[in-house]
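The structure appears below as structure tokens.
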Amino acid sequence: MVSKSLPEQRAVTFRGSFPALITPMHNGAVDIAAFRKLVNWQIEQGSHGLVPVGTTGESPTLTPEEHMQVIEVCIAEAKGRVPVIAGTGSNSTQEAIDYTRHARDAGADAALVVVPYYNKPTQDGLYAHFRAIADAVDIPIIVYNVPGRTVANISVETLARLSHDCKNIVGTKDASADLTRPSRQRLASGKDFIQLSGEDGTALGFNAHGGVGCISVSANVAPKLCAQFQEATLKGDYAAALTLQDRLMPLHHALFVETSPGPVKYAASLLGLCSAEARLPMVPVAESTKTAVRAALFHAGLLN
């Protein structure tokens with residue numbers, strides 16, 4: 001493993017479409033061969049970066065050894081062609097530091113650190129959590145706000161305080177669905193603070209408010225379309241982006257009619273990328289979900 005210095009990492013551009021990669025499974029184990037193929041296919045299809053071991057990657061049920069292996073394999077397969085933002089969050093601050101340190105040493109370009117779940121820390125607790133990680137590990141950190149999963153919701157003000165106090169807290173993945181946040185955050189943290197959407201369906205509006213990309217579930221199965229969509233918004237061509245949005249919107253919706261990553265893993269199985277298998281407590285999706293996913297893939301032109 002080769003670590004990178006902070007200046008090298010900060011020079012990386014985090015813009016565009018970043019699939020929140022699924023973790024393929026086979027007979028209860030991580031399917032490393034399928035994951036390697038997925039990483040290479042994503043790059044070939046035009047994804048601008050990769051995010052292993054996030055929520056979509058079933059981070060809560062991977063063992064620590066699996067968690068680290070998936071990150072290492074992703075970095076090894078990417079071979080520097082696109083940036084890798086490794087999921088390293090935990091509701092334990094020390095565990096998040098350990099995972100973030102591992103990601104840095106493995107050669108990740110940044111760490112995606114989720115707001116601590118279950119504990120329900122105060123805003124002061126959230127500040128202290130992220131400050132401790134930033135102080136301990138010299139890697140760019142993207143703060144992941146997903147209150148629907150974590151219950152805790154980091155405020156614009158707390159995130160701004162972190163962005164000003166910690167040079168390596170460089171951006172946020174926001175899955176709050178609050179489209180006022182990117183404008184408010186830009187005003188509070190500055191225009192150079194990186195804002196990535198964490199919700200495909202509202203990514204169009206998010207980028208219009210100053211966002212520069214999306215850490216995407218849909219990009220697992222529609223990487224080329226998602227990359228083209230992001231490129232259109234970044235060029236300011238919102239007419240082209242809207243056309244792509246209309247093509248993708250049924251997919252964005254269908255992949256969340258049941259808890260993710262069940263639907264997206266089923267979609268991936270239909271495209272021959274990997275099995276639909278997920279790890280308990282995730283179970284196979286309902287027949288109604290399968291119907292919705294198939295129809296959405298057909299609408300997007302991804303399935304005949």
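The values are calculated or read from the model by the stated rules, or taken from the named source; none is laboratory data. Values in this document were obtained by computation on a predicted structure and should not be read as measured data. Neighbour counts are summed over all protein chains in view; Cβ atoms, including those assigned to glycine, are modelled from backbone coordinates with ideal geometry.
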Legend entry - Residue within segment 12-33 that is among the basic types (Lys, Arg) and either at pLDDT below 95 or touching a Leu at 6+ places or on another chain (Cβ under 6 Å) (or both) present: no
Inset, instruction - Look at LYS224 and say whether it is basic (Lys, Arg), modelled with pLDDT of 95 or more and within 17 Å of the chain's Cα centre (by Cα). - result: yes
Inset, instruction - Answer yes or no as to whether THR259 is out of contact with any strand residue (DSSP E or B) (no Cβ under 7 Å at 6 or more places or on another chain), of a type outside the set (A, V, I, L, M) and within 24 Å of PRO24 (Cβ to Cβ). - result: yes
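So that you can scan it fast, the table gives a plain yes or no per residue for (1) closer than 17 Å to ALA267 by Cβ; (2) surrounded by fewer than 24 Cβ atoms within 10 Å (Cβ to Cβ):
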site: THR23; (1), (2): yes, no
site: ALA29; (1), (2): no, yes
site: ARG36; (1), (2): no, yes
site: GLN42; (1), (2): yes, no
site: PRO52; (1), (2): no, no
site: GLU58; (1), (2): yes, yes
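Looking at the structure I just gave you, is VAL53 modelled with pLDDT of 95 or more and on the phi > 0 side of the Ramachandran plot? Steps first, please.
Details: modelled with pLDDT of 95 or more: yes; on the phi > 0 side of the Ramachandran plot: yes.
Yes.
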Legend entry - Hits in segment 44-72 (condition: touching a strand residue (DSSP E or B) at 6+ places or on another chain (Cβ under 9 Å) and in a helix (DSSP H, G or I)): SER59, GLU66, HIS67, GLN69, VAL70, ILE71
Inset, instruction - Mind telling me which of the residues ALA267, ALA286 ends up being surrounded by 15 or more Cβ atoms within 10 Å (Cβ to Cβ) and of a type in the set (Gly, Ala, Ser)? - result: ALA267
Inset, instruction - Determine, yes or no, whether ARG279 is among the charged types (D, E, K, R) and within 18 Å of ILE32 (Cα to Cα). - result: yes
Inset, instruction - Look through GLN185, GLN230, GLN245 and report the one residue that is crowded, with 24+ Cβ neighbours inside 10 Å, polar (S, T, N, Q) and within 29 Å of SER269 (Cβ to Cβ). - result: GLN230
Legend entry - Pairs, first touching a residue at least 24 places away in the same chain (Cβ under 8 Å) and crowded, with 18+ Cβ neighbours inside 10 Å in segment 93-109, second among the polar types (S, T, N, Q) and assigned to a helix (DSSP H, G or I), C-beta under 7 Å, six or more apart: ASP109/GLN9
Legend entry - Answer from VAL82, VAL143, VAL114, VAL137 - the residue that is surrounded by fewer than 22 Cβ atoms within 10 Å (Cβ to Cβ), among the aliphatic types (A, V, I, L, M) and either under 17 Å from the mean Cα position of the chain (by Cα) or closer than 21 Å to VAL51 by Cα (or both): VAL82
